[in-house]
Amino acid sequence: MKRKKMSLVSLLLVIALLLGGCGGTGGETGSGGESEPVRDTLIVGMDREPAGLDPTSTHVTTAVMIFNNIYDTLLSFDNEMKIQPRLAISYEQLDDVTYKFHLRKGVKFHNGEELKSSDVLFSFKRLYDIPAAKGQVSMIDPNGFECPDDYTFVLKTTEPWSALPAQICSSYLNIVSEKAVTEAGEDFNRNPVGTGPFQFVSWTAGDSIVVERFEDYWDEKALLKTINFRIITEATSRVIDLESGGIDIALAVGVTDIERLRENAATDLIQFNHTGIRYGAFNCSKEVFADKRVRQALNYATNVEIIRDVLYDKGIGAMPATTSVIPILSGRNTDLVQYDYDPEKAKALLAEAGYPDGFSVEYNFLSNTKNTRLGEMLQAQWAEVGVELVMAPLESATLTATLNAGEHDFCTANSTYALGDTIEGLYSFYHSSMHGTSRCRAYLSNPEIDALLDEARVEKNEDKREQLAYEIQALVHEEAPWIYIAYEYYNVGLLADVQGFKPAPNSAHDFSCVYIAEK
Amino acid sequence: MIKYILRRILMMIPVMLGVTIIVFTMMYITPGDPAEIILEDGATPEAVAELREEMGLDDPYLVRYFRFVSDLLHGDLGTCYAIGQPVFDRLVQTFPNTMKLAALAVLVSTTLGLLMGIISAAKQYSVFDNVAMALAMMGNAMPNFWQGLLLMLLFSLWLGWLPASGFSSFKHMILPAVTMGTSSAAIIARMTRSSMLEVIRADYISTARAKGQVEYRVILRHALKNALIPVVTIIGIQFGRQLGGAVLTESIFAIPGVGKMMVDAIKARNFPVVQGGVLMIALSLSIVNLLVDILYAYIDPRIKSQYK
Amino acid sequence: MNNTTNTATSQTLPVYKKRGQGAEIWRRFRQNKNAMVGMCIFLVLVSFALFAEFIAPYDPIEQDLLNIMQTPSRQHILGTDELGRDIFSRIVYGSRISMTVGLIAVGIAFVAGSALGVICGYYGGILDNVIMRFVDILMSIPAILLNISIVAALGTGLQNVMIAIGISNVPRFCRIIRASVMSLREQEFVEASRAAGAKDLYIVMRHIIPNCLAPLIIQATVSIGSSILQCASLSFIGLGIVPPTPEWGAMLSTGRDFLRKAPHLTTFPGLAIMAAVYAMNLMGDGLRDALDPKLKN
């Protein structure tokens, strides 16, 4: 009997203690934060956890962002997508296929080693052994590398290739320390060593990645002492956490939160042109979509304007897309206009193509709010012209398999120009040799477009390339393998005292000049 | 008693083996290719084939299963496909968080449930009885993820009392634990109430009352003790439910726990993590059930005699 | 309460006489105010499901893209959703989906669980041991993980969601009926029937099943509620029912992206789910009291 009572009392005691404890810790952290005039730790809420911190492991946006702060590439894009020197102070093209890079001297890795051309060579060569990264160096000759001295690096492309400088900026080609990689082996993925403004501190899987200022950085030292990249996958939670002051920056803010964050005095919202385009892709290798009239018909049957109004809150979250080249890139064909919304014309074209009574196709998608709404609207609009769109949501892994195998009828995607190069982007979207890869969802096979792409890929003259890009876009428009939905903005929410954040269109945001202003 | 416990522990072995077979088979038949997911955009057919080969994914079912089991017997749970970390390390990082969360949630639900149950029983048919039971049931009927978001809005954003997400201090644990705990308080409250009512009507309570003991003492000393027996079982079952409930709660509150890790792993066909995680959850559930049975015997000596 | 087994459900139900038993239970059930409240809610939802065409003022999938996320008004009493569809109509039609999911998932669990449970309890021995270990295995994997894996394996969609939820509910039914059958097996009237040369199947159908229905019905009632919740959880993970089917869980899950801007998108489907689960729980409690006279207060 007594024991029972005792245990009840102790239970209550435990609860009281726990509650008391909570009050205590809360008070301490609160006052700790206030007593210091300026915080030098930034907390960033990310939508997705990187698969690794080895630059060859992944290129999801959040990983590219962290890589950019831990590592450096030889060349890199600035915020206008212009190529700038970084670890290489300059480069020259020796002949059609040979490039020579002059490396910066006195650059230190986080482990204290100095950057040598051997590290650069190592960083390039290792890609050939990694299945996920191999494609990045497919145009570079594995036997063409040379290191004439510690600060010069020479490489050759397999054939003339004008996008090489852009490829050098790729996050896969971040320069790693040969010594660190050799010593760490597989563990390098969780213990990265680069030359960037921040060095790696810790990674708690599923929770956070912490980096701190690298005092021996070759360029101007970072202003912040520590950055804590926290993984908060739920968009709603991420924004609530920002608004309640739990995090300083929330990445990938949804369209519905834009206005509120703008109006709130305690928060800011930065919106920028992402290097991505959202579109729907017809699988041209399927019988029904082999005929371009059918693809055109469905373009006519789609009221993209109203879809955009609904999905992006009347233009707050995106801008109209008229071609597959994003506005920030050169060679964009500005003469093109979106197909009109004209159901009658759509019906006529369908009848002409032999489908007077329409047909039924499946829409394979990942079940999230955006895809679902988009699909539901397309379903309703296409029904008007007799085309039945069957919603077939797939779970992510199955979807990837289905799309890579080309088994889908119709899908939607948001594709980015990872290389930041117009021709390379178009090539990956529409060239028939790219079938089965992740950017090529339309399975277009058009010899004319193929030929123009091949030609543009080796063309050195910038004006000529732009001219070719122009022609290709016009042809693609006629072929209509895609329905352009929008160029989406990328939204970043910040607390009002976070300053100096400059968004990069390719997601490689630089945190070295970010600081927290005094209140 | 010792013998009984040993036998129960031995019984866990075939069950755990069964769990490995089921999980392994389910993952095997599920469409989707981990190699494709690892390769992301670099997934050309050749690269996929090469990686599959490297990962041993092309081996026949039995070969893969026996490799998994033999590694397991050597204490190796494999390596996470996604971040290349040993699965064991990932479990060491995530499991304590989920256990803490589940334990706190059980504490919340038991405290709430017992309190509401006792008072409801003592004041049967009063306004309090009805209101308490109705509230408890509401908590049970509310989808967890919605409740979590609403609590977050209220306590983090509007009141500013508690942090919205993360799991770095006790303060961070309160909202998720309450979210999970309230969903099962109703079951405990109902159980406590009905078994208390049953006991209260029993003869020895009347005797105690007749002897002039004060009402609350009657309830606490006599009624509660006997009423606790079925409640303890329920608490054990609750623990299992909480481990499951942690899945969504961890997503909402960005908690690095097993549940969230498992969902991500199933989606990414991260087989080693799925297998290791399920095994770990199953094992801990079996242990909790065993503990409940032991506790049960402790509370009610009559049951002890059955444990042979 | 019977202390010979670990399960807390009432195993030693008196064997009632056929006639009058139902009426007696109904009388007790009717006296329970909470249970009646639950039943009223349940009947409302059932009538939504049956007569959705007549009750819903709009087509549940008819979009009005110019009037999205409108707050409740005279035209749309619960407002419009993220594609301008009438939320009230969607909830009314959604009742049909949720009730279907609940009934069929629980039906699967009920039939499969009872069959396994009867085999275990009636025959015992090795078969019992094997099946019960299998049930132990299923029970040691949290239901939601089981659901996710099954849906991942079979693909999304209403049918597979129901199968997944059904399977994850099997163990509970199996355990309950096994315990009842074991205690019934040795009862005199069963022995008598066996002595009279009755076949096993006859004994099971005639004597065993009818006498262990009570705990099953209680479990089934409560499980319908929890199935609706499970279905909502699957929607949250993105493995639910195919849009544009109006399903409460999917509405709630989609609505959470608009939680701040248009809270009514989550409030009403959320309340619908709560009402349904609440009703099933109240009825389950009422049935428990009505079927187990020992607990009659």
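The values are calculated or read from the model by the stated rules, or taken from the named source; none is laboratory data. Values in this document were obtained by computation on a predicted structure and should not be read as measured data. All Cβ positions, glycine included, derive from the backbone under ideal geometry; neighbour counts span all protein chains shown. Just so you know, the surface numbers come from the protein's heavy atoms only, side chains and all, with ligands and any DNA or RNA stripped out. Shrake-Rupley method; radii C 1.70, N 1.55, O 1.52, S 1.80 Å.
Results, tabulated for the structure shown:
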{"read-out": "Entries of A:K292/A:K464; B:K3/C:K199; A:K105/A:K125 with Cα pairs more than 31 Å apart", "value": "B:K3/C:K199"}
{"read-out": "Helix C:264-291 axis, angle to chain C major axis (alpha carbon atoms, nearest 10°)", "value": "20 degrees"}
{"read-out": "Gap separating the Cα centres of region B:10-66 and region C:74-125, nearest whole Å", "value": "33 Å"}
{"read-out": "Rounded to the nearest 10 Å², the accessible area of B:S168 at probe 1.4 Å", "value": "100 Å²"}
{"read-out": "Sequence-separation-based contact order of chain C, relative, with Cα cut under 8 Å and 6+ spacing, percent", "value": "26 percent"}
{"read-out": "Sequence of A:Y515, A:Y300, B:Y125 when ordered by accessible area, the most exposed leading, probe 1.4 angstrom", "value": "B:Y125, A:Y515, A:Y300"}
{"read-out": "Across A:K286/A:K345; A:K82/A:K460; B:K171/B:K225, pairs whose alpha-carbon gap is larger than 21 Å", "value": "A:K286/A:K345; B:K171/B:K225"}
{"read-out": "With all protein chains modelled, accessible area of A:E459 [1.4 Å, Å²]", "value": "50 Å²"}
{"read-out": "Cα gyration tensor category, rounded, prolate or oblate, for region A:276-488 with a/c compared to 1.5", "value": "rounded"}
{"read-out": "Derived scalar couplings ³J(HN,Hα) [region A:353-370; Karplus, 6.51 cos²θ - 1.76 cosθ + 1.60; whole Hz; x for Gly, Pro]", "value": "7, x, 10, x, 9, x, 7, 10, 10, 9, 10, 8, 8, 7, 6, 9, 4, 5"}
{"read-out": "Karplus 3J(HN,Hα) series, Hz, for region A:261-273 with 6.51 cos²θ - 1.76 cosθ + 1.60 (x for Gly, Pro)", "value": "5, 5, 6, 5, 5, 7, 10, 10, 9, 10, 10, 9, 6"}
{"read-out": "Where B:K100, B:K260, B:K225, A:K314 fall by accessible area, highest first, once all protein chains stay in place (1.4 Å)", "value": "A:K314, B:K100, B:K225, B:K260"}
{"read-out": "Amide H contacts under 5 Å for A:S415, placed H, 5+ residues apart", "value": "A:I277, A:Y279"}
{"read-out": "Helix C:158-185 axis, angle to chain C major axis (alpha carbon atoms, nearest 10°)", "value": "20 degrees"}
{"read-out": "Shape call, region A:75-181: gyration tensor on alpha carbons, a/c limit 1.5", "value": "rounded"}
{"read-out": "Local net charge near C:L138, Cβ-Cβ under 15 Å (Lys/Arg +1, Asp/Glu -1)", "value": "+4"}
{"read-out": "Mean separation of Cα contacts under 8 Å, 6 or more apart, over the residue count of region A:75-181: relative contact order %", "value": "31 percent"}
{"read-out": "Exposure of C:R28 as accessible area (Å², to 10), given a probe of 1.4 Å and all protein chains", "value": "20 Å²"}
{"read-out": "Entries in A:K314/A:K347; A:K134/A:K370; A:K179/A:K221 that, when Cα-Cα distance is taken, lie over 30 Å", "value": "A:K134/A:K370"}
{"read-out": "Overall form of region A:369-410 per C-alpha gyration tensor (a/c, 1.5; a/b vs b/c)", "value": "oblate"}
{"read-out": "Residue-wise HN-Hα coupling along region C:39-50, computed from phi with Karplus coefficients 6.51, -1.76, 1.60 (Hz; x: Gly, Pro)", "value": "5, 4, 4, 4, 5, 4, 5, 5, 5, 4, 5, 6"}
{"read-out": "Region A:276-488, relative contact order [Cα under 8 Å, separation at least 6], %", "value": "36 percent"}
{"read-out": "Set of aspartates and glutamates near C:K33 by C-alpha distance (under 15 Å), chain-local residues within fewer than 8 positions excluded", "value": "B:D129, C:D285, C:D289"}
{"read-out": "Exposure rank, largest accessible area first [B:K3, B:K123, A:K116; 1.4 Å]", "value": "B:K3, B:K123, A:K116"}
